[in-house]
1. For the pair B:L35/B:E112, report the inter-label distance in nm, with labels modelled 7 Å from Cα in the Cβ direction.
2. For B:L18, which sequence-distant residues (separation of 5 or more, or a different chain) have an amide H within less than 5 Å of its own amide H, given hydrogens modelled in the peptide plane?
3. Go ahead and estimate [θ] at 222 nm for chain A from helices alone: -39,500 (n - 2.57) per DSSP H run with n ≥ 4, summed, over the residue count, rounded to 500.
4. Given the options A:Y215, A:V16, A:P177, identify the residue whose Cα lies farthest towards the positive end of the charge dipole of chain A (+1 on Cβ of Lys, Arg; -1 on Cβ of Asp, Glu).
5. Roughly what would the spin-label model give for A:N58 and B:L269, points 7 Å off Cα along C-beta, in nm?
6. For a quick size check, give me the Cα extents of region B:1-88 along its three principal axes, largest first, whole Å.
7. Hey, quick one: spin label on A:Q326, modelled 7 Å out along Cα-Cβ, who in region A:258-297 has an amide N within reach, i.e. under 16 Å?
8. How far, in degrees from 0 to 90, does helix A:334-345 lean away from the longest principal axis of the Cα atoms of chain A, to the nearest 10?
Amino acid sequence: MKGLFKSKPRTPVDIVRQTRDLLIYAGRSSDSREAKREEKMAELFKNIRELKCILYGNSESEPVSEACAQLTHEFFRENTLRLLITCLPKLNLEARKDATQVVANLQRQQVNSRLIASDYLEANLDLMDILIAGYENTDMALHYGAMLRECIRHQTVARYVLESQHMKKFFDYIQLPNFDIAADAAATFKELLTRHKSTVAEFLSKNYDWFFAEYNSKLLESTNYITRRQAVKLLGDILLDRSNSAVMTRYVSSRDNLRILMNLLRESSKSIQIEAFHVFKLFAANQNKPADIVSILVANKSKLLRLFADFKTDKEDEQFEADKAQVVKEIASLELRDRLERNAKQGPFEHHVEW
Amino acid sequence: MADVQRIYSANRFDYVLLDEIGNGGSATVYRAFYLPLNAVVAVKCLDLDRCNNGSLENIRLETQTMSCVDHPNLVRAYSSFVVDRNLWVVMPFMSVGSCLHAMKKAHPNGLEEIEICFILKETLKALDYLHRQGHIHRDVKAGNILVDSNGAVKLSDFGVSACMFDSGDRQRCRNTFTGTPCWMAPEVMQAETGYDSKADIWSFGITALELAHGHPPLSEYPPLKVLLMTVQNAPPRLGDKKFSKSFKDMVAMCLVKDPKKRPTAGKLLKHSFFKHAKPPELSLKKLLADFRPPLNPVKVLQIQNSESAQQLSSKNMASAAEYEARSMREYQKGISAWTFDIQELKAQASTLLLDDDNDETLESRLVDNYRDGLTVMGQCNQLFPLKCQTLTKSAQF
């Protein structure tokens with residue numbers, strides 16, 4: 001008799017199906033009794049935690065790949081991800097965290113050696129709109145943000161976000177007052193601009209004008225210390241990446257850009273100074289410096305050389321010292337070349353930028 | 001979800017900093033007043049310019065973890081925002097301060113079992129919650145266990161906490177080297193083997209000894225030596241007659257060198273020792289009675305430190321007592337607040353190994369301490385595999 005009442009252990013597929021049904025229930029406006037709803041929600045939270053345990057294992061057991069594959073297949077066979085994302089605000093904090101970890105993990109699960117999450121998202125790119133808008137809701141931002149960062153691991157998804165109107169909003173999200181949320185947006189922004197090299201290079205060349213105008217005025221010239229610091233670091237990462245060499249050449253030929261970087265070089269923050277140097281050195285090392293760049297460097301030569309004379313990193317850094325030596329050499333040799341060229345051209349010598 | 005919503009603003013002008021209650025490394029903690037709610041809070045001010053890019057990323061993760069925890073035994077971040085070059089993190093104000101502080105103030109030789117039992121049980125609940133979420137705290141110690149005037153106990157400082165589920169992967173283990181040496185599990189020191197949440201269980205066991213004696217084991221030694229001794233020696237034990245058998249047994253279960261043989265936090269909570277935990281109004285009665293609110297705890301500590309140091313030097317103590325005192329003195333100098341750079345330690349170890357002429361090198365002390373047949377090189381290879389292997393090679397020529 002005993003065996004008759006013992007329920008069969010639920011398979012991963014069962015749990016996904018039940019989760020889906022409960023999500024549909026949770027998504028409906030609450031017409032049912034309060035007590036019943038509470039019970040169903042508790043069951044939903046339990047299911048989501050079980051999904052997490054299958055995918056990650058727990059302190060006693062490792063995850064089983066077969067079970068993970070079954071779960072992933074069933075999850076993306078229907079619209080479970082959309083349901084989960086749209087219902088997230090209705091879950092409690094613990095369930096939101098579990099759901100976030102489930103979504104993150106699913107992006108990496110392979111079924112028959114395919115990342116089926118990528119296929120699903122490609123057909124449901126509008127989900128990214130919900131995730132990105134999450135930054136405007138302080139209670140959802142960290143959960144949606146973490147999911148978003150996992151989704152843009154797929155190149156097609158990253159391309160969609162880069163080319164969308166949302167890209168402009170990141171410049172504001174990065175400066176939100178809550179540090180944890182702003183830092184999350186900054187991490188996502190960085191991921192978008194560094195992970196998929198060819199996509200990033202294409203995006204930057206197509207959107208060069210508005211992107212760097214925003215980047216300079218909103219981020220590099222922000223009044224927020226951490227915004228400036230992270231922005232100048234990221235700028236260095238972007239420009240020093242070989243795949244972005246065309247963008248780099250364009251960036252270091254602009255006197256406005258040089259002016260901004262020279263101001264950052266003068267900051268009292270050591271960290272910002274060092275990061276600014278890694279961008280500034282590209283202006284100096286450029287072998288085809290436009291005349292106005294040369295004249296700015298010449299006009300400020302002695303100040304620059306004085307600055308570099310006692311410019312040091314906290315820990316000894318050979319690469320930094322080598323770069324610095326090269327920049328100093330380059331700037332020191334400028335005047336002579338500049339004068340020769342001016343004599344040849346007989347052009348007027350101007351330097352609008354007083355540093 | 002009213003309980004997790006952000007109630008505290010991210011506007012610096014809503015907060016008035018009152019007095020300094022803690023100071024360590026690049027952060028200072030203040031008692032502060034939150035004007036919109038007339039509430040007292042604690043504000044941690046962290047100088048971001050003194051943090052490198054790598055630790056900025058950790059600060060982001062820490063702050064995010066802290067703002068997403070919802071457990072009575074964990075310190076939550078109510079809000080966080082940037083003010084000039086500082087990050088302000090708003091947290092609950094715990095008026096008694098840390099267990100370390102309470103202990104130094106009134107119980108320099110350790111707490112009573114009834115107090116320890118309650119404090120440890122509350123701490124263990126916090127660890128159980130963190131571990132279930134895939135987090136490792138990595139810095140469990142009395143200095144990070146805070147007590148409020150009503151007896152509430154909260155684990156704080158996720159400064160080095162790591163998430164095993166970071167970015168969607170179950171990571172077999174972490175292999176970054178963080179924490180404070182005296183509390184650090186052997187497998188954390190042997191960076192190549194990696195570690196998981198069981199490392200916290202070791203630190204929890206050390207914390208139990210710390211609360212029982214007033215200081216953790218090995219606190220009189222320099223970091224590098226602590227490292228070697230933790231790996232080489234038998235695990236420390238709770239031996240004192242005044243403590244119960246179940247307490248000793250619980251500590252012994254935590255301090256097993258093989259992490260797999262340590263219980264999970266959940267299992268440990270079911271240990272018979274914790275069955276006897278009494279509510280704080282009973283268990284912490286004495287501790288809470290000692291506490292007088294309006295003083296600046298940091299100042300008081302400094303005064304006490306200088307007093308106890310004078311007392312110690314004026315007396316001629318028997319060797320066992322002297323050992324304890326020395327340990328205590330080193331401890332009070334603040335090993336709890338050591339910032340710890342493994343790269344530097346490794347470098348230190350390699351210079352010690354190369355320096356043949358120096359009598360006070362690592363080797364000579366090591367040989368004295370461990371006459372178990374292992375060569376010094378052997379021991380160091382275990383600890384610092386890369387550096388020492390190259391050293392061994394060059395030594396052959």
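What follows is calculated from the coordinates using simple rules that are stated; it is not laboratory data. The structure presented is a predicted model; accordingly, all values stated were derived computationally and were not measured. Positions of Cβ are generated from backbone atoms using ideal geometry, with glycine treated the same way; all protein chains shown enter the neighbour counts.
1. Label at B:L35, label at B:E112, 4.5 nm between them.
2. B:R31, B:A32, B:F33
3. About -21500 deg cm²/dmol.
4. Result: A:V16, furthest along the dipole toward the positive end.
5. Using points 7 Å along Cα→Cβ, the separation is 1.2 nm.
6. The Cα atoms of region B:1-88 stretch 36, 28, 23 Å along the principal axes, largest first.
7. Counting backbone N atoms under 16 Å from the label point, the list is A:277-289.
8. 70 degrees
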